[in-house]
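Reading through the structure tokens given below for one structure.
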Amino acid sequence: MSDPREIGRPSGSLAAPDGILPAGTYEPEVLPAGLTRAPVGVNALATEHLIVNMGPQHPSTHGVLRVLIELDGEEVKAGEASVGYLHRGIEKLAESRRYSAVGTLMDRGDYISGIHNEMAFALAAEKLIDVEAPRRANWLRSLMAEINRIASHLVWYGPMGLDTGAMGPFLYAMRDREVLLDILEDVTGQRMMFNYVRPGGVLADITPAAEKKIRVFLETFDQYLDEHIEILAGNEIFQARMRGIGVIDRERAVGFALTGANLRASGLSFDVRKDRPYAAYSELDFSIPVAQEGDCFARFMVRMEEMRQSVRMIRQCIDGLPEGEFTAKVPKVLRPPAGEAYGAVESPRGELGVHLISDGSDTPYRMRYRPPALYALQVGESLLPGVLLADAVVILGSTDIVLGEIDR
Amino acid sequence: MLPDVTVTRRILDGVGITASVEEVAILGVVCRVSAEQARTALRAFRDSDLAFTFMVDLFGVDTGEAIDVVYHLRSLARDEELFVKAEHAYDSALTSVWKVFPAAHFPERECAELFGLKLADHPNPQRLLTTDGVPPLLRKSVRLRGPEEVRNR
Amino acid sequence: MAIDKLTGEHSLLFIRSEQLFDTARRKSLWYMAFGIACCAIEGLMSASGPRFDFDRHGVFFRASPRQADVMIVAGTVNLKMAETVKMLYDQMPEPKWVVSMGACANTGGPFREYPNVVLGVDKIVPVDVYIPGCPPRPEAVQYGFLQLMEKIKAQTEVRLAARRDSN
Amino acid sequence: MSIVQVVVPRVLAALGLMLLNGVVLIYMLRKVLGHLHLRLGPMENGWHGIAQTTFDVLKLLTKEDPTPKAVDKALYFIAPAIVFVPSLMAYAALPFSNSVRIVNLELGLLFTFAVLSLVPLGILAAGWSSNNKWSLLGGMRAVGSQISYEVPMLLAALPVVMMAGSMNLGDIVRAQQPLWFIYNVPAFILFFVAGLIESGQTPFDLAEADSELVSGFATEYASMKFGLLFLSEFSNTFIFAALTVTLFLGGWGIPFVPEAIMQPIAPLVFMIKTYLVIYLLMVIRGTLPRVRVDQLLTLGWKFLLPVSIAWVMITGLVIKLGQTVFGGAQ
């Protein structure tokens, strides 16, 4: 057994080798979805399978996911995710909103990481209207995005503890998250729905108070992060619950279009921030944590390590924030020429893309929101057969799904 | 970032599909195939030297005359991206590509449901997001609620 | 008749004992852990976190609707969800209250134009307290709970008024 | 007549003690967990929220008590009682001091174990009769872990019985003067782990695993029936802690303090020790994650059972050797 704190570290032998590509393609004969119900008219000797309905109101479905689980005793025989309990038409509504107002809808998509959602839309819109955000705006975007990423990972980390039965981590995570939300509130004016990143730049400059808070946060968080890792990953029971559970091999990860930390935990180091740099990421020094195991524990450690990298980036951003304008000159009502653009960001859940189609009017003709968690959910669903009920909860938790994003 | 247009066209020719492949400004290389040939084309792209093994996204667009189903492919080996568009008539069948790209499972269900297409060859051809009786919401012909209805709720 | 006068709905005995029980009810509001959307992060997760700590008021979460007194509807209710919300409300034992949290649950919020969204949760279940905001801050949720406590407290006045009317 | 005079006050005393314990323990749990989690716990109702549990109980008493349509009515009604009564009975043999106890049973230890082993029966009844799949799973888990851990727990207590030479809990306490039996560390650890599982404490609270089974066997229970299940859970915790204190931590005694001085304060000492053990349990509850059901069973059958049997043999051997070598007239 390797030291838990070493998994996911970007240094050493675990760093992504060059030959990272999967050997073959993942081509299942049957999709592991859909319930194969137990035969009706069971004879007395045969056991009958129990079909339980996990959700939409269940403590550990992370929102309003519903999973139909077929159980043989404690063992999951099949699982089928049923989504749509939060479908509220963000894509459709965007077609009736002006470009400057779509950000409000995007925030409410993946509600834990609003900055990233707005940024994906702003990037796509900027490509359409051919405007570049000023350098300071780019740095501010990166700064806010990384703060938001830590806040989002903390909302994943806490419930991850709850899923395995530990209550403490959740509340410790909430403590740190409040500090981050304070910073975000100081700059953007809201705790969750920021509408901060606009096409052409950002809404407001950073305030001196926020800067001070960020520095205080940077001083304390490194130690807190070590504690967070220690309290769960250093626990024997937690390791026994996570190691070797829900292994996603590379073929499956690619076949199911997994992105983000889930993909990187399976040994592939695709990261939008490195491979398609946006905002200020081409100027920042950071590394991409990669793990080879592909199990729940690897996903856990990769995310924890990502937080450490985010802290690094926040430090660079706050120290090297360039002078200048925080928004480019863009007209109040945007009327991009007809065309298509795809903008993607690395949200805490993976590649969050916005495919924007314009017909020359002041509202998008079609906006497609690529939900990384939808693809993660499919993998989670495909991993369910054969595990125990308690593992099913852990697997779904470890893929970090947010239902607002899956259903849109 | 952008795959070579001639190579892309040659891959399609190899499986007997004549399709338009062009480089669109801003977006990238877009390849238009017919609805029937979409699955063959996708399989060809996946197994070709370009190795488009990663389906980033699948979604529909209501162009006013038909539904364009867009497959957004990525080649991790060569770091290239390709958009494949297949035009489907309204209420026609959307042939599933989940055997080629397992990731297409949910997005296909969603696309078929929200644009009023039928699913063919799909392991679980049910609605994904809405309940029975909800119209295909993303079609342009389905209107949003008007201000009157919203105000006098 | 005499018994009814002593212990019936308008008797002082009934009203005063109910007052005692109302005190207990308002000081021990267990809410159901049932988050729908964004508001759940603020209203259920942050609110139970160290900074806001609803536990101070005896507001505590239970996972099962059978043991809950309050349902916080935290998020957009759509046609698919509506059935579940109604079912959960029906499963809660009386007396029960509903807090509609955030613009979406109140009126449909920014998504009200979408035909799949229910225009406010009060179309499905009776709502006691509406909390505005998108999302409301945890303080707002706390204030909403205090208002709910006031509302329960005011029950005694209502009963006394009914007693006066009947006499 | 006289038997009524003897029995009724004692049953009432046990009942009162149990209810009081439940109320105090729930308050304590919320406070301890609160402070452990950087919060304060109940604060507003009464001084530092001290009246919180009273309000909770009052509220539960007046809640509607719905009977779901598809439940097995008889079992559904009787199950909380089956859970509640054994944990009430288990108070009978606990020695609070040399004289303060409900009954002086020669086989007190055996009686307590026997009575406590009825609790999972009630939990299974609750889980089965609720006609809820989560409840059923919870009930099954409770019985599964109970069966696996009943034996190791008894075996872990046996070394103490051998050292004290009695199953009377009072005698066991007296035998721990001046040295507490905790020096038999393996037996203590085995007993503690098995007891954690028996009383359904976190890392092993599989029967009502919040994140997996909603509320486990109690999912369909509302109002005071739920209150009873909740109370008896805390009462079981208390009994387990009290047993730990009696068997390993010297019961009411303090080393080298003569009986005469101990006599008036003995119950207080006993309660303080018990609450300290409960505090430890609560800290564990607030920190550790939960094990999986197969890991629990593996731990029970493949580790705890053989080790506890081995330890009984070793302890017996050492005692016998000691008697032979030193020729003690023990």
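The values are calculated or read from the model by the stated rules, or taken from the named source; none is laboratory data. Everything numeric in this text was worked out from a predicted model, so none of it was measured. All Cβ positions, even for glycine, are placed from backbone atoms using ideal geometry, and neighbour counts span all protein chains on display.
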Do you know which of the residues in segment D:211-266 that are acidic (Asp, Glu) and assigned to a helix (DSSP H, G or I) is nearest to D:Ala187 (Cα to Cα)?
D:Glu233
Scanning segment C:109-132 for residues that are farther than 29 Å from B:Lys140 by Cα and in contact with a strand residue (DSSP E or B) (Cβ under 8 Å, 6 or more places away or on another chain) gives C:Asp122, C:Val125, C:Pro126, C:Val127, C:Asp128, C:Val129, C:Tyr130, C:Ile131
Report, by residue number, each residue of segment C:112-132 that is within 12 Å of another protein chain (Cβ to nearest Cβ) and in a loop (DSSP other than H, G, I, E, B).
C:Arg112, C:Glu113, C:Tyr114, C:Pro115, C:Asn116, C:Val118, C:Leu119, C:Gly120
Give just the number: which of (1) surrounded by 23 or more Cβ atoms within 10 Å (Cβ to Cβ); (2) in contact with a Gly (Cβ under 8 Å, 6 or more places away or on another chain) does D:Leu109 not satisfy?
(2)
Lone unmet requirement of (1) over 19 Å from the mean Cα position of the chain (by Cα); (2) assigned to a loop (DSSP other than H, G, I, E, B); (3) acidic (Asp, Glu) for C:Glu94:
(1)
Assuming B:Ala86 fulfils every condition listed in (1) within 25 Å of B:Asn124 (Cα to Cα); (2) in contact with a His (Cβ under 8 Å, 6 or more places away or on another chain); (3) modelled with pLDDT of 85 or more apart from one, which condition is it?
(2)
Taking A:Arg368 as meeting all but one of (1) facing another protein chain (nearest Cβ under 10 Å); (2) more than 29 Å from A:Ser100 (Cα to Cα); (3) out of contact with any Ser or Thr (no Cβ under 8 Å at 6 or more places or on another chain); (4) not hydroxyl-bearing (Ser, Thr, Tyr), write down the number of the exception.
(2)
Could you grab me the full set of residues in segment A:370-384 that are in contact with a Phe, Trp or Tyr (Cβ under 7 Å, 6 or more places away or on another chain) and under 16 Å from A:Gly84 (Cα atoms)?
A:Leu374, A:Tyr375, A:Gln378
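Only one of these is in contact with a helix residue (DSSP H, G or I) (Cβ under 6 Å, 6 or more places away or on another chain) and touching a residue at least 12 places away in the same chain (Cβ under 8 Å): D:Ile50, D:Ile123. Name it.
Values: D:Ile50 fails: in contact with a helix residue (DSSP H, G or I) (Cβ under 6 Å, 6 or more places away or on another chain).
D:Ile123 is the lone residue from the list that is in contact with a helix residue (DSSP H, G or I) (Cβ under 6 Å, 6 or more places away or on another chain) and touching a residue at least 12 places away in the same chain (Cβ under 8 Å).
I'd like to verify a number: residues in segment A:85-120 that are part of a loop (DSSP other than H, G, I, E, B), of a type outside the set (Lys, Arg) and over 19 Å from the mean Cα position of the chain (by Cα), how many?
Count: 4.
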By residue number, the members of segment C:81-120 that are among the small types (Gly, Ala, Ser) and in contact with a Cys (Cβ under 9 Å, 6 or more places away or on another chain) are C:Gly102, C:Ala103, C:Ala105, C:Gly109, C:Gly120
Here the residues within segment B:97-138 that are in a loop (DSSP other than H, G, I, E, B), closer than 15 Å to B:Val70 by Cα and more than 8 Å from every other protein chain (Cβ to nearest Cβ) are B:Val97, B:Leu117
Can you give me the number of residues within segment D:71-106 that are surrounded by fewer than 16 Cβ atoms within 10 Å (Cβ to Cβ) and either under 13 Å from the mean Cα position of the chain (by Cα) or farther than 21 Å from D:Phe234 by Cα (or both)?
8
Just checking, how many residues over segment C:17-39 are closer than 16 Å to C:Pro65 by Cβ and more than 7 Å from chain A (Cβ to nearest Cβ)?
4
Segment A:328-373: number of residues that are within 27 Å of A:Trp139 (Cβ to Cβ) and within 17 Å of the chain's Cα centre (by Cα):
15
Taking helices (runs of 4 or more DSSP H) that fall entirely within segment D:72-161, which contain at least 1 residues that are closer than 23 Å to D:Ile182 by Cα?
D:108-116
Filter pass, B:Thr40 being within 12 Å of another protein chain (Cβ to nearest Cβ), free of Cβ contacts under 8 Å to residues at least 60 places away in the same chain and of a type in the set (Val, Ile, Thr)
no
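Could you check, for segment C:56-63, whether at least one of its residues is touching a residue at least 12 places away in the same chain (Cβ under 8 Å), closer than 30 Å to B:Val142 by Cβ and surrounded by 24 or more Cβ atoms within 10 Å (Cβ to Cβ)? Walk me through how you get there before you give the answer.
If we filter segment C:56-63 for residues that are touching a residue at least 12 places away in the same chain (Cβ under 8 Å), which is where we start, we get C:57-63.
Okay, now just the ones that are also closer than 30 Å to B:Val142 by Cβ, so none.
No, segment C:56-63 contains no residue that is touching a residue at least 12 places away in the same chain (Cβ under 8 Å), closer than 30 Å to B:Val142 by Cβ and surrounded by 24 or more Cβ atoms within 10 Å (Cβ to Cβ).
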Restricting segment C:73-100 to residues that are of a type outside the set (D, E, K, R) and away from chain A (no Cβ under 12 Å), which is surrounded by the most Cβ atoms within 10 Å (Cβ to Cβ)?
C:Ser100
Complete set of residues in segment A:324-358 that are touching a Gly at 6+ places or on another chain (Cβ under 6 Å), away from chain B (no Cβ under 14 Å) and farther than 30 Å from A:Leu403 by Cβ:
A:Phe326, A:Thr327, A:Ala328, A:Val330
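State which residue is surrounded by the fewest Cβ atoms within 10 Å (Cβ to Cβ) when the search covers only segment D:27-50 and only residues that are more than 8 Å from every other protein chain (Cβ to nearest Cβ) and not aromatic (Phe, Trp, Tyr).
Step one: of segment D:27-50, the residues more than 8 Å from every other protein chain (Cβ to nearest Cβ) are D:27-29, D:31-32, D:35, D:46-48, D:50.
Applying the additional criterion that residues be not aromatic (Phe, Trp, Tyr) yields D:28-29, D:31-32, D:35, D:46, D:48, D:50.
Working: D:Met28: 18, D:Leu29: 20, D:Lys31: 21, D:Val32: 19, D:His35: 12, D:Gly46: 15, D:His48: 15, D:Ile50: 14.
For segment D:27-50, the residue satisfying everything is D:His35.
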Picking from A:Arg149, A:Arg108, A:Arg135, which residue would you name as being modelled with pLDDT of 85 or more and either among the small types (Gly, Ala, Ser) or more than 20 Å from A:Leu403 (Cβ to Cβ) (or both)?
A:Arg135
